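Structure first, then comments.
Taken together, the values in this text are just the output of simple stated rules run on the coordinates, not laboratory data. Nothing here was measured: the structure is a model prediction, and the numbers come from that model. As a convention, Cβ positions derive from the backbone with ideal geometry for all residues, glycine included, and neighbour counts pool all protein chains shown.
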Amino acid sequence: MIKNIIFDMGNVLLDYDPQAAMEELEILPDAQPIIMKELFGGNEWVQLDLGNITEDEAYESIKQRIPEEYHADLRRCIDGWDICMKPLEGAKEFCKKVKADGYGVYVLSNAHKSFYRYFPRYFDLEFFDGVVVSADVHIVKPDVRIYEHILEKYNLKAEECLFIDDRQDNVEGAVKAGMQAFRFKNDFEELKQHLKHC
């Protein structure tokens, strides 16, 4: 029986769309594919999620790989990429409903320390029964240890938890930890129907 729902953040609660962020930040068109590759697709992004480097350190590292004329745009992306992090339609309502129905609600996210800057713009951290951010524990999904960490930290039983993520590898990581899991495809109605049968 499911008693707790553990949400991923990006593309489950908040929209994560770096391309949209670059357009909103008016990054030079020629710089966009380079920054997409070197920032959002680079190792530094993973290291930020792991909490191993700062945003300033990421900038200093990445700028070595891109033309100097794009350095200012890179800095603006590092400082302002979270402009794209806005609630998915239906996310707040779903969270409120399941909490009102008596479920424990948690967040387990691969995220930088900047999580604490942008996430509270839209969701009150106090609303959730617990939050685990990868940068704080130096482990990222789908490493089974991060799922085990949230279970241990909040004294949860794996078989009583439903983990929701948009990425299949992260869903599989939760299953390895003994949880039930659901791959989210931006459809809260589908999720509601799934939950009814858990």
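Sort the stretch 92-198 into rounded, prolate or oblate with this rule: let a ≥ b ≥ c be the square roots of the eigenvalues of the Cα gyration tensor; rounded if a/c is under 1.5, and if a/c is not under 1.5, prolate when a/b is larger than b/c, oblate otherwise. Judged from the Cα gyration tensor, the stretch 92-198 comes out rounded (a/c under 1.5). The residues packed around residue 93, meaning those with a beta-carbon under 12 Å from its beta-carbon, carry a net charge of +3 if Lys and Arg are +1 and Asp and Glu are -1. Overall, the anisotropy analysis places the stretch 18-84 in the oblate class: the square-rooted eigenvalues a ≥ b ≥ c of its C-alpha gyration tensor yield a/c not less than 1.5, with a/b not exceeding b/c. Tell me whether the chain comes out rounded, prolate or oblate; compute the Cα gyration tensor, take square roots of the eigenvalues as a ≥ b ≥ c, and use a/c under 1.5 as the rounded threshold. Here the chain falls in the prolate category.
Placing +1 on the Cβ of every Lys and Arg and -1 on the Cβ of every Asp and Glu, with no other charges, gives the chain a dipole of roughly 800 debye about its Cα centre.
Summing charges over all other residues whose Cβ lies under 13 Å from the Cβ of residue 170, with Lys and Arg as +1 and Asp and Glu as -1, gives -3.
Taking amide hydrogens as placed 1.01 Å from N in the peptide plane, the amide H of residue 180 sits under 5 Å from those of 161, 163, each at least 5 positions away in sequence or on another chain. Taking each DSSP H run with n ≥ 4 as -39500 (n - 2.57) and averaging over every residue of the chain yields -10500 deg cm²/dmol at 222 nm.
Using R0 = 45 Å, the C-beta based FRET efficiency linking residue 153 and residue 26 works out to 0.65. Between residue 93 and residue 168, the FRET efficiency estimated from the beta carbon spacing at R0 = 30 angstrom works out to 0.70. Rounded to the nearest whole Hz, the Karplus-based 3J(HN,Hα) values (6.51 cos²θ - 1.76 cosθ + 1.60, θ = phi - 60°) of the stretch 23-36 follow the sequence 5, 5, 7, 6, 5, 3, x, 5, 7, 4, x, 5, 5, 4, with x at glycine and proline.
Using 0.36 nm per residue and subtracting the Cα-Cα separation, the extra length available between residue 138 and residue 46 on full extension is 32.1 nm.
Taking a point 7 Å from the Cα of residue 198 along the Cα-to-Cβ direction, the residues of the stretch 104-125 with backbone N closer than 19 Å to it are 104-110. The Cα center of the stretch 121-198 and the Cα center of the stretch 1-46 differ in position by 19 Å.
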